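Worksheet: the structure to be examined is printed underneath.
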């Protein structure tokens, strides 16, 4: 497994085909929810940026890590309560359906949050 990626494609291709499908679907879900966001690699993870970091995601042995910063976790605390998580992250187990609709809702919330912050900065 490569330790330095420059694109999300480079990252995704390092995983088994079944995990690649999940990662591509998460990527497409984020892209649809935040079409103006830019793709990047940050902390060696696929990242979407819009006036700063929007969300990160990553694959692990038994789960997908999703990182919408603490405010994204807090706002959807009830919906995320079925999953393991921490202050700014949540783990979606690979042996359960990935909640793509919830990911989209969180991303849309983060877009509004980042656009609001950008407006107050200018």
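Any read-out appearing in this document is the output of simple, stated calculations on the displayed coordinates, not a laboratory observation. It should be emphasised that the depicted structure is a prediction, and the values quoted were computed from it without experimental measurement. Note: ideal-geometry Cβ built from the backbone for every residue, glycine included; neighbour counts use all protein chains shown.
Sorted by average packing, counted as other Cβ atoms within 10 angstrom per residue and highest first, what order do 4-16, 43-55, 27-39 take?
Numbers: 4-16: 13.8, 43-55: 18.8, 27-39: 16.0.
Ranking, from highest mean packing down: 43-55, 27-39, 4-16.
Between residue 20 and residue 96, what is the spin-label point distance in nm, taking each point 7 Å from the Cα along the Cα→C-beta axis?
That separation, rounded to one decimal, is 2.8 nm.
Once each part is reduced to its C-alpha centroid, what is the distance from region 69-112 to region 47-66 in angstrom?
Taking the Cα centre of each part, region 69-112 and region 47-66 sit 11 Å apart.
Calculate the radius of gyration of the Cα atoms of region 1-42 to one decimal place, then report Dmax, the largest Cα-Cα distance, as a whole number, both in Å.
Cα-based Rg and Dmax for region 1-42 come out at 10.9, 30 Å.
Antiparallel DSSP bridges in the chain: what percent, to the nearest 5?
Antiparallel bridges: around 100 percent, rounded to the nearest 5.
Residue 7 label point, 7 Å along Cα→Cβ, cut-off 14 Å on backbone N: hits in region 34-67?
39-41
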